1. Per-residue ellipticity at 222 nm for the chain, helices alone: DSSP H runs ≥ 4 residues times -39500 (n - 2.57), over residue total, nearest 500 deg cm²/dmol?
2. Name the residues whose placed amide hydrogens come within less than 5 Å of the amide hydrogen of GLY62, ignoring near sequence neighbours (fewer than 5 apart) on the same chain.
3. Are there GluC sites (Glu not before Pro) in the range 34-128 that DSSP marks as loop and that have at most 16 other Cβ atoms within 10 Å, and which are they?
4. Based on the alpha carbons, how large is the Rg to Rh ratio for the range 35-143 when Rh follows Kirkwood?
5. For the chain, list the DSSP H helices whose alpha carbon atoms reach 30 Å or more along the long axis and whose average Kyte-Doolittle value is 0.0 or above?
6. If the reach is capped at under 30 angstrom between alpha carbons, list the lysines near LYS31, excluding any in the same chain fewer than eight residues apart.
7. What size of dipole, in debye to the nearest 20, comes out for the range 1-120 about its Cα centre when the only charges are +1 on Lys and Arg C-beta atoms and -1 on Asp and Glu C-beta atoms?
8. What's the exposure ranking of SER35, SER15, going from fewest to most Cβ atoms within 10 Å?
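Where a number appears in this text, it was derived from the coordinates with a stated rule and is not lab data. Keep in mind that what you see is a predicted model, and the values were worked out from it rather than measured. As a convention, Cβ positions derive from the backbone with ideal geometry for all residues, glycine included, and neighbour counts pool all protein chains shown.
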Amino acid sequence: MGLLKEFKEFAMRGSVIDLAVGVVIGGAFGKIVTSLVGDVIMPLIGGLTGGTDFSARYIYLGTGEDPGSLEKVRTAGQAYVAWGPFLQNVIDFLIIAAAIFAVVKAINVARARFERKGEEPAAPPPEDVKLLQEIRDLLAAGR
């Protein structure tokens, strides 16, 4: 029975629940970023580059005639360097990293604003403390 109790305490620990929430939110955010990259940004880049689809670009290294498409080269088992999909993944990574940076930056700015609003202004020091501070300042000035 002790093992079951320990497991319950572990599973209900705040950090485990925070991690679970983070994973769920991260999965949803991943879908948003994937859509942003695939449905918004890459079509814009494709439009700027004249409709070039980088994901199908490759260098054929096999023997004989080039089959004509990356899918056919892969199916034929020929040697190739698929630089297009690599470039696509690099662009996706940079966009995802920028999106995550922007979200984290916005959260940090919002958190700082909320923390400043929550702080109460310091109460003025009592009269005897003010008097002692004035004496200290006069002594420091050499009067």
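1. The helix-only estimate for the chain comes to -22500 deg cm²/dmol at 222 nm.
2. Here the answer is ALA79, since their amide H atoms fall under 5 Å of that of GLY62.
3. GLU65, GLU119
4. Using Cα coordinates only, the ratio equals 1.57.
5. Both cut-offs are met by 14-35, 83-118.
6. LYS72, LYS105
7. It comes to approximately 360 debye.
8. The fewest-first ordering by Cβ neighbours comes to SER15, SER35.
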